[in-house]
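First up is the structure itself, then whatever we jot down about it.
The values are calculated or read from the model by the stated rules, or taken from the named source; none is laboratory data. Please read these numbers as outputs of a predicted model, since none were measured by experiment. Note: areas computed on protein heavy atoms with side chains; ligands, DNA, RNA excluded. Shrake-Rupley method; radii C 1.70, N 1.55, O 1.52, S 1.80 Å.
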Amino acid sequence: AAGLWTVFTLGGVGSKASPQLEQCSPLASQSLLLLLVLANLTDSPDTPNPYRQAIMSFKNTQDNTAFSSSNPHAFQINFNSLYTALCEQQKSDQATLLLYMLLHQNSNVRTYVLARTDIENLV
């Protein structure tokens, strides 16, 4: 989960935003591309894609609801840090594609983003 957190925060939330994500953190950029490829692999009839399941089901660490252990791919992440990282990196195609995928496939992220009062930072 720690490696996935690094990918989601695009190499560090506290770092300065630069014009090119690849110039400031090539490892984060390549990791994000790998995550996007893995999450978009097709499912086989008998085995669903575990990366897609993880993307679709992770929850906010600040959420008070019970964490379900029935999903083996479930984990928690700080949505505030994720939101901040996505706002800082929206000039990157990879970050925009990750945001699109999260908004469409993870209802927890969609609900969080729609509840934000500073959504203009993302748009």
Considering every residue within segment 63-75, establish whether at least one is in a helix (DSSP H, G or I) and more than 11 Å from the chain's Cα centre (by Cα).
no
Confirm whether L98 is open to solvent by less than 20 Å² (accessible area, probe 1.4 Å) and either at pLDDT 90 or above or in a helix (DSSP H, G or I) (or both).
yes
Single unsatisfied condition, I55 versus (1) open to solvent by 90 Å² or more (accessible area, probe 1.4 Å); (2) at pLDDT 90 or above; (3) among the β-branched types (V, I, T)
(1)
Among the numbered conditions (1) part of a helix (DSSP H, G or I); (2) open to solvent by 70 Å² or more (accessible area, probe 1.4 Å); (3) not hydrophobic (A, V, I, L, M, F, W, C), tell me where T117 comes up short.
(1)
So in segment 67-89, with the set limited to residues that are at pLDDT below 90 and within 20 Å of N40 (Cα to Cα), which one is most open to solvent (accessible area, probe 1.4 Å)?
P72
